[in-house]
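Structure first, commentary second.
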Amino acid sequence: MAVSENQTKLIHRINRIQGQLEAIKNTIVTEEQDCEKAILLLKAAHQAMKKFGEAYIHEYMDTCFKEKKSTQNIEADVKKAISAAFSL
């Protein structure tokens, strides 16, 4: 199965998020006490996850419409995704 350009972009976003999480982990492991740096790392990772979620939903919706899934299935899937996103 070929990976689309949008899917590649999503994978790159995930890789960046993983890098941010590794940086946070390293501050814990090394017991680096730079509070400002820790807060900025957490904020960056949080924002990146939010943006990834938005991009992922857009990609999913585009795929659904291209595959011409039934409106009922798309609606049910979107409702599940929204519920899951806001129950975090």
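The values are calculated or read from the model by the stated rules, or taken from the named source; none is laboratory data. Predicted, not measured: the structure shown is a model, and the values here were computed from it. Please note: Cβ atoms are built from the backbone with ideal geometry, for glycine as well, and neighbour counts cover all protein chains shown. All accessible areas refer to the heavy atoms of the entire protein, side chains included, with ligands and DNA or RNA removed. Shrake-Rupley method; radii C 1.70, N 1.55, O 1.52, S 1.80 Å.
Under 8 Å between Cβ atoms, at least 6 apart or on separate chains: pull out the pairs that start in the stretch 44-55 with a residue that is modelled with pLDDT of 90 or more and end on any residue that is open to solvent by less than 100 Å² (accessible area, probe 1.4 Å) and among the hydrophobic types (A, V, I, L, M, F, W, C).
Filtered contacts from the stretch 44-55: ALA45/ILE17; ALA45/LEU21; ALA45/ILE24; ALA48/ILE17; MET49/ILE17; PHE52/LEU10; PHE52/ILE14; PHE52/ILE17.
Restricting to the stretch 64-88, name every residue that is hydroxyl-bearing (Ser, Thr, Tyr) and modelled with pLDDT of 75 or more.
Residue satisfying the conditions is SER83 alone.
Which of the numbered conditions does GLN33 fail, given that it passes all the others? Conditions: (1) in contact (Cβ under 8 Å) with a residue 12 or more places away in the chain; (2) part of a loop (DSSP other than H, G, I, E, B); (3) of a type outside the set (D, E, K, R).
Looking at each condition in turn, GLN33 falls short on (1).
Out of the residues in the stretch 1-41 meeting the condition of being among the basic types (Lys, Arg) and within 19 Å of THR63 (Cα to Cα), tell me which one is least open to solvent (accessible area, probe 1.4 Å).
Among residues in the stretch 1-41 that are among the basic types (Lys, Arg) and within 19 Å of THR63 (Cα to Cα), the one least open to solvent (accessible area, probe 1.4 Å) is ARG13.
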